[in-house]
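Okay, so here's the structure we're looking at.
The values are calculated or read from the model by the stated rules, or taken from the named source; none is laboratory data. Note that this is a predicted model, so its numbers are computed, not measured. Backbone-built Cβ (ideal geometry, glycine too); neighbour counts: all protein chains shown. Ligands, DNA and RNA are excluded from the accessible area calculation, which covers all protein heavy atoms including side chains. Shrake-Rupley method; radii C 1.70, N 1.55, O 1.52, S 1.80 Å.
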Amino acid sequence: MTNNNVSPTVLKEYKSQGVILLKRLVEQDCVEKLRAAAEYSLSNPGPLAREYPPESGQGRFFTDLFLWLTDGSLQKFVRDSCLPAIAAQFLESSRVNLFYDQVFVKEPGTSNSSPWHQDLPYWPLHGNQVLSFWVALDIVTAESGGLEFVVGSHLWAKRYQPFSFAGRNHFTRDPTLELIPDIAAMRNDLEIAAFDMAPGDVLVFDARIVHGAGGNRRSDVRRR
């Protein structure tokens, strides 16, 4: 990328793989503002916030939605940063609609994993022109709970049941959706992509791609 322009090579890789890493896309001052928004949410959870009990009894796994509606700095970020224009290039569209924002926090020592899943079946959306930006606010590695992706799985023409997390089923079972296969048992037969990230790096991924994440096994690093 040059001057936030997506090159044909990057776009081709995204279309075939379903995920791509953009380094140093978000500037440090914006990272600090996003960290502040995450901290405010942790202390002042919204009505859609969820706490998932730590599986090991240690740590904290927290998520909250729609922060941009009440946080002015986040609202400015989602409207005025480079991300909308970059999304339009990846989607090859003249118009981009923001669906929602979401914060995830896995504190040090949080063993909770995020099982393999697709994002799109969770949402009241259909279609192929849906993507997510996953913005790292901390150093991210496999040990701290970095995302893993099944490369090319967005092209499987499959939609899988949302998973029930930590014993809580927040989603109505859809009989038209398949159960996701045992990705862990298939790892040797699949291409799995994982990414080390620095604060400000951004993963761009198709809402249909199968992905998951481990727990934050680090004792000294948060995963926001």
* Taking interchain pairs and intrachain pairs at least six residues apart, which have beta carbon atoms under 7 angstrom, with the first residue in the stretch 98-114 and open to solvent by less than 50 Å² (accessible area, probe 1.4 Å) and modelled with pLDDT of 95 or more and the second assigned to a strand (DSSP E or B) and not aromatic (Phe, Trp, Tyr)? -> Val103/Thr63; Val103/Asp64; Lys106/Arg223
* Selection within the stretch 129-153 - more than 11 Å from the chain's Cα centre (by Cα), within 18 Å of Lys33 (Cβ to Cβ) and open to solvent by 20 Å² or more (accessible area, probe 1.4 Å) -> none
* Asked: What is the residue count in the stretch 5-21 for residues that are in a helix (DSSP H, G or I) and open to solvent by less than 40 Å² (accessible area, probe 1.4 Å)?
  -> 3
* To do: Would you point out which residue out of Pro162, Pro175, Pro121 is modelled with pLDDT under 95, of a type outside the set (D, E, K, R) and either at positive phi or touching a helix residue (DSSP H, G or I) at 6+ places or on another chain (Cβ under 7 Å) (or both)?
  => Pro162
* **Exclusive hit being among the charged types (D, E, K, R) and either open to solvent by less than 70 Å² (accessible area, probe 1.4 Å) or modelled with pLDDT under 95 (or both), set Arg24, Arg50** => Arg50
* To do: Determine, yes or no, whether Lys106 is within 26 Å of Arg218 (Cα to Cα), charged (D, E, K, R) and under 15 Å from the mean Cα position of the chain (by Cα).
  => yes
* Structure fact -> Output for Cβ contacts, cut-off 7 Å, separation at least six or different chains, first residue among the acidic types (Asp, Glu) in the stretch 181-208, second assigned to a loop (DSSP other than H, G, I, E, B) and open to solvent by 40 Å² or more (accessible area, probe 1.4 Å), reads Asp201/Lys23; Asp201/Arg24
* Determine whether Val103 is β-branched (Val, Ile, Thr) and in a loop (DSSP other than H, G, I, E, B). => no
* Where residues in the stretch 201-224 are surrounded by fewer than 21 Cβ atoms within 10 Å (Cβ to Cβ) and small (Gly, Ala, Ser), which of them is farthest from Gln129 (Cα to Cα)? -> Ser219
* Hey, any hits in the stretch 166-175 for a residue that's open to solvent by 30 Å² or more (accessible area, probe 1.4 Å), basic (Lys, Arg) and out of contact with any Asp or Glu (no Cβ under 7 Å at 6 or more places or on another chain)? -> yes
* Asked: For the stretch 9-62, how many residues meet the condition of being closer than 25 Å to Ser73 by Cα and aromatic (Phe, Trp, Tyr)?
  -> 3
* With Glu32, Glu55, Glu39 as the choices, which residue is open to solvent by 40 Å² or more (accessible area, probe 1.4 Å), assigned to a loop (DSSP other than H, G, I, E, B) and acidic (Asp, Glu)? -> Glu55
* To do: Scan the stretch 189-200 and give yes if some residue there is open to solvent by 10 Å² or more (accessible area, probe 1.4 Å), modelled with pLDDT under 95 and farther than 24 Å from Ser16 by Cβ, otherwise no.
  => no
